[in-house]
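Undergrad: Take a look at this one; I'll ask things after.
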Amino acid sequence: MAPLNHAKDGLGSIVMTTVEDFLRWGRSNSLWPLTFGLACCAIEMMSAQDSDYDMARFGSEIFRPTPRQADLMIVAGTVCKRMAPRIKTLFEQMAEPRYVIAMGACTINGGPYQYTYSVVHGVDKIIPVDVHVPGCPPTPEALLQGLIKLQRAIRSREGRPRPVPFSPAELSEASRS
Amino acid sequence: MSILTDLQERSPAGVLQVGALDDGKPLMRVAPQALPQIAGAAKELGFAHLACITGVDYPDEHEIEVIYNLYNYDQRENLVLKARTSRDEARLPSVSGVWRAALFLERETYDLLGVRFEGHPDLKRILLPEPWVGHPLRKDYEMNRQQFVSKGPQGEDVVSFDPQEGW
């Protein structure tokens, strides 16, 4: 996507690119997150959206209240076992192509709730995760870095790193490997 | 200590022991069958707020102790009621007729400790899904066996020990 930088400084008025590259560029800069806070990490997520950190700078400004209009799920907070099937439903209701950022220690592997009966040990056992943002909670800067990492992955020709597993058997296969 | 003596006069047979917690809150151990009567008397004395019902499992003594934390907004006083029941067949009379707040709190205690409250209109699990195996706050709950929750065809919660069935 180098030619687009020339378009910015006004040196070139013609940009050569492919349709796929252009679509990827547009897609990466208009990620609409789902309003989806599960626990305290959601406070940092809201902070990242507010004017101090201003997530809208990266095109990710509109938190949608319905999964039908969202294509990015920021799983911010502890995933309880009872919430797990609901998260899966919400993820399946999101429009393709859809992306997931796992925010915080709980969401990555259970975090401080590793030895409890009620917490899922990592949201990647339920839905495929594109970017893990560690921290307890991660700072808004860390979340923004995760978002930028995701945008780069979308913009690269490889796209998302791996295919989306779906059936429960495939899911547990993926979580074991 | 005037509350305790007042309560003791109203139902002398039901009170097993009177004392205080470490932080000075008045404590009263009551017989299970007298629990609703003493609860009603406490409410008449102004303890209108049932703050919490919780419980402790004592496997060595084969007993479960259920603790009722009460508060009096007018006098700004606390009162703690404790009732013990057998561990194998944990049953206590419900106080939901006295405080409506007990409806949810007793469901929670049933969910996590397996105490059945007789007279509760709708005693079912409140936090965990209905087919969950065991009561996690009991000391002999198997923490090493993971249970997995997924959604059935009717949208109901399905619980399984099988990692293949997954979430």
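Undergrad: Between B:C52 and B:A20, what FRET efficiency comes out of the Förster formula 1/(1 + (r/R0)^6) with R0 = 25 Å and r the beta carbon distance, rounded to 0.05?
TA: Working: r = 18 Å, r/R0 = 0.72.
Computed FRET efficiency for B:A20 and B:C52 comes out at 0.90.
Undergrad: What list of ³J(HN,Hα) values in whole Hz, one per residue of the stretch A:81-93 in order, does the Karplus curve 6.51 cos²θ - 1.76 cosθ + 1.60 (θ = phi - 60°) give from phi, with Gly and Pro shown as x?
TA: 4, 6, 7, 3, x, 5, 4, 4, 4, 4, 4, 5, 7
Undergrad: Next up: What does the average come to when, for each residue of peptide A:73-85, you count the partner chain Cβ atoms lying within 10 Å of its Cβ? Mind dumping the intermediate values first?
TA: Working: counts 0, 0, 0, 0, 0, 0, 1, 3, 11, 7, 1, 7, 11.
The shielding value for this peptide is 3.
Undergrad: Using θ = phi - 60° and the Karplus relation 6.51 cos²θ - 1.76 cosθ + 1.60, list the HN-Hα couplings for the stretch B:158-164 in order, rounded to whole Hz, with x at every Gly or Pro.
TA: 10, 10, 8, 8, 8, x, 5
Undergrad: I'd like the accessible area for A:T35, computed on protein heavy atoms only with a 1.4 Å probe and all protein chains in place. Round to 10 Å², please.
TA: Using a 1.4 Å probe on the heavy atoms, I get roughly 80 Å².
Undergrad: I've got another one for you. What ranking of B:S2, B:S94 comes out by heavy-atom accessible area, probe 1.4 Å, highest first?
TA: B:S2, B:S94
Undergrad: In the stretch B:130-150, which residues give up 30 Å² or more of accessible area once the other protein chains are added, compared with their chain alone (1.4 Å probe)?
TA: Those are B:W132, B:M143, B:Q146, B:V149, which lose 30 Å² or more relative to the chain on its own.
Undergrad: Turning to a different aspect of this structure: Can you tell me the accessible area per residue over the stretch B:3-127, all protein chains present, probe 1.4 angstrom, in square angstrom?
TA: 49 Å²
Undergrad: Once A and B are treated as a pair rather than alone, how much accessible area drops out, both sides summed, in Å² to 100, probe 1.4 Å?
TA: On the way: alone 9960 and 9450 Å², together 17900 Å².
Its buried surface, counting both partners, is about 1500 Å².
Undergrad: With r as the distance between the Cβ atoms of A:M16 and B:S160 and R0 = 56 Å, compute the FRET efficiency 1/(1 + (r/R0)^6) and round to 0.05. Write out the running numbers ahead of the final one.
TA: Numbers: r = 55 Å, r/R0 = 0.98.
Efficiency, rounded to the nearest 0.05: 0.55.
Undergrad: I want to check the label-to-label distance for B:A31 and A:E61. Put each point 7 Å from Cα in the C-beta direction and report it in nm to one decimal.
TA: Using points 7 Å along Cα→Cβ, the separation is 7.2 nm.
Undergrad: Please give the Cα centre distance for the stretch A:40-107 versus the stretch A:121-158, rounded to the nearest Å.
TA: Cα centroid to Cα centroid, the span is 11 Å.
Undergrad: Binning every alpha carbon pair distance of the protein assembly as shown at 20 Å from zero, what are the percents per bin?
TA: Binned Cα distances yield the sequence 25, 40, 26, 8, 1.
Undergrad: What FRET efficiency do you get for A:I148 and B:M143 if R0 is 51 Å and r is their Cβ-Cβ distance, rounded to the nearest 0.05? Can you show the working numbers first?
TA: Details: r = 39 Å, r/R0 = 0.77.
FRET efficiency, A:I148 to B:M143: 0.80.
Undergrad: DSSP beta bridges in the protein assembly as shown, what fraction antiparallel, as a percent rounded to 5? Intermediate values should be presented prior to the final figure.
TA: Working: 29 of 48 bridges.
Expressed as a percentage, antiparallel bridges in the protein assembly as shown total about 60.
Undergrad: Moving on. Quick one: pull the percent of accessible area on chain B belonging to carbon and sulfur, 1.4 Å probe, ligands and nucleic acids left out.
TA: Numbers: 4150 of 8700 Å².
Exposed carbon and sulfur together represent 48 percent of the surface.
The values are calculated or read from the model by the stated rules, or taken from the named source; none is laboratory data. Only a predicted model underlies this, so the values are computations on that prediction, with no experimental measurement involved. All Cβ positions, glycine included, derive from the backbone under ideal geometry; neighbour counts span all protein chains shown. Side chains included, ligands, DNA and RNA excluded: accessible areas come from the protein's heavy atoms. Shrake-Rupley method; radii C 1.70, N 1.55, O 1.52, S 1.80 Å.
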